[in-house]
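Asks: Please read through the structure below; I'll follow up with questions.
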Amino acid sequence: MHIKSKLSSSTVTIFTAMSALATKHGALNLGQGFPDYDPPTELLGLVKKYIGAHKHQYAPMAGVLELREAISKKMSESYGQYVHPETDITITAGATQAIFTTITALVHPGDEVIIFEPAYDSYRPAIEIAGGKVVVYAMEPPDFKINWHLLSAMINSKTRMIIINTPHNPTGTILSEDDMKELSQIVRDTDIIILSDEVYEHLVFDGLSHESVLKYPELYQRSIAVFSFGKTYHCTGWKIGYCIAPEYIMKEIRRIHQWNVFCVNSFLQNALAEYLDTPEHYLMLKDFYQQKRDYFLEKLVNSRFQPLKSSGTYFQLCEYSNISSQDDVEFSRELISKYGVAGIPVSAFYTDKRQDRLIRFCFAKTESLLTNASELLCKR
């Protein structure tokens with residue numbers, strides 16, 4: 001039987017490929033973005049508490065109300081934007097499900113969606129499944145800045161959505177206040193929707209601040225902001241996140257969400273609701289991860305890798321042209337097989353697989369793993 005695929009590519013993700021190769025060779029994995037340490041002990045205790053409280057049945061479709069109320073409070077305190085817990089917040093099975101559901105709900109066949117590459121690899125497949133057309137704005141190293149005049153020239157009557165990601169995976173850059181104001185001006189008086197991927201909201205370094213769409217009332221009225229508990233509390237395997245949008249947009253997202261996963265497990269939602277009531281649990285993250293970034297960079301000083309500036313996320317890009325003329329996929333494979341360290345080739349985040357000789361490392365690791373990995377990288 002012939003099956004016609006709905007996706008243009010049948011390849012596995014670069015994360016799957018590199019992680020499998022790392023496992024095969026017993027390499028230290030600085031590739032896929034997950035911590036190698038447990039979630040906070042207090043949070044784990046709350047999970048046990050709510051398992052013991054028999055929170056095992058279906059949660060409400062939009063999420064446990066106590067969690068949505070805690071999120072609403074957090075957004076008011078963090079970004080000065082009130083979001084109604086009953087109508088503007090939906091708990092999702094991870095940020096990627098929120099992104100997929102949002103695109104599926106709002107992008108129709110023939111619509112154009114602008115993405116900024118290098119881009120998180122889930123955007124394109126979701127757009128294609130929805131029947132949309134991907135329009136690429138290619139950012140360039142070393143600063144990966146957006147020229148908003150050029151971006152404006154890409155917009156036409158078919159432009160339905162612009163996807164932004166700040167702090168940005170994989171580059172570690174962040175959008176500034178001026179960037180957000182430029183974006184707001186460009187989409188004013190249009191029907192363009194903004195999908196804002198903000199899963200690394202609390203991982204911003206060097207005294208800089210996260211510029212959420214929620215901080216800009218005019219922009220927020222056409223936006224969906226996506227967040228991740230997994231990235232925030234070191235529990236990526238729990239696959240729990242949430243999205244925030246004005247009620248008229250959230251209605252459409254929930255139309256799809258109810259047929260997609262319907263709801264997310266209840267005991268984790270209850271635990272996160274209680275844990276979220278202490279702001280210090282997430283406010284301390286910028287210092288926690290900046291220390292890891294700085295430690296990793298210190299250990300790479302004697303290597304031939306050239307680190308780019310990382311202002312956010314838990315990723316560090318390194319340029320390797322002083323080491324090899326290989327393309328980044330070949331270089332990454334050799335780094336795993338011969339030197340025992342896994343990274344992610346940045347060309348995988350570009351449609352045209354452009355070669356800038358950049359590799360992405362994840363520093364959300366224990367100090368001992370960062371030490372061992374850095375020693376191996378210094379031998380390359």
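Asks: So how many residues does segment 322-380 have that are among the charged types (D, E, K, R) and crowded, with 20+ Cβ neighbours inside 10 Å?
Replies: Matching residues across segment 322-380 total 4.
Asks: Here is a further query. Of Ser212, Ser303, Ser228, which residue is more than 17 Å from the chain's Cα centre (by Cα) and of a type in the set (S, T, N, Q)? Spell out the reasoning first.
Replies: On the way: Ser212 fails: more than 17 Å from the chain's Cα centre (by Cα); Ser228 fails: more than 17 Å from the chain's Cα centre (by Cα).
Exactly one residue qualifies, and that residue is Ser303.
Asks: Within segment 254-268, can you find the residues that are crowded, with 21+ Cβ neighbours inside 10 Å and under 21 Å from Ile224 (Cα atoms)?
Replies: Listed by number, the residues that qualify are His257, Val264.
Asks: Then there is this: Quick check on segment 283-307: of everything there that is crowded, with 18+ Cβ neighbours inside 10 Å and of a type in the set (A, V, I, L, M, F, W, C), which residue is nearest to Leu208 (Cα to Cα)?
Replies: Per the stated criteria, the residue is Leu285.
Asks: Going through segment 165-182 one residue at a time, which ones are out of contact with any Phe, Trp or Tyr (no Cβ under 7 Å at 6 or more places or on another chain) and of a type in the set (A, V, I, L, M, F, W, C)?
Replies: Scanning segment 165-182 gives Ile174, Leu175.
Asks: Then there's this: Cβ contacts < 6 Å: first residue free of Cβ contacts under 8 Å to residues at least 60 places away in the same chain, restricted to segment 351-380; second residue assigned to a loop (DSSP other than H, G, I, E, B) and small (Gly, Ala, Ser), any location; separation 6+ or different chain. Result?
Replies: That search, which allows pairs on different chains as well, returns Arg357/Ser321; Ile359/Gly343.
Asks: While we're here: What are the residues in segment 183-202 that are farther than 12 Å from Ile162 by Cβ and touching a helix residue (DSSP H, G or I) at 6+ places or on another chain (Cβ under 9 Å), if any?
Replies: Gln185, Arg188, Glu198, Val199, Tyr200, Glu201, His202
Asks: Hey, another quick one. All but one of (1) crowded, with 22+ Cβ neighbours inside 10 Å; (2) in a helix (DSSP H, G or I); (3) in contact with a Pro (Cβ under 7 Å, 6 or more places away or on another chain) hold for Leu317; which doesn't?
Replies: That leaves (2) as the condition not met.
Asks: A further question follows. Which ones in segment 20-61 are in contact (Cβ under 8 Å) with a residue 24 or more places away in the chain and of a type in the set (Gly, Ala, Ser)?
Replies: Ala22, Gly26, Ala27, Gly31, Gly33, Ala53, Ala59
Asks: Of the residues Gly63, Gly45, only one is modelled with pLDDT of 95 or more, more than 22 Å from the chain's Cα centre (by Cα) and either of a type in the set (S, T, N, Q) or more than 28 Å from Arg360 (Cα to Cα) (or both); which?
Replies: Checking each option against the conditions leaves just Gly45.
Asks: Need at least 3 residues that are more than 26 Å from Asp352 (Cβ to Cβ) per element, so show me which strands (runs of 3 or more DSSP E) inside segment 64-180 make the cut, counting only ones lying wholly within it.
Replies: 89-92
The values are calculated or read from the model by the stated rules, or taken from the named source; none is laboratory data. These numbers come from a predicted model, not from an experiment. So basically every Cβ, Gly included, is an ideal-geometry build from the backbone, and we count neighbours across all protein chains shown.
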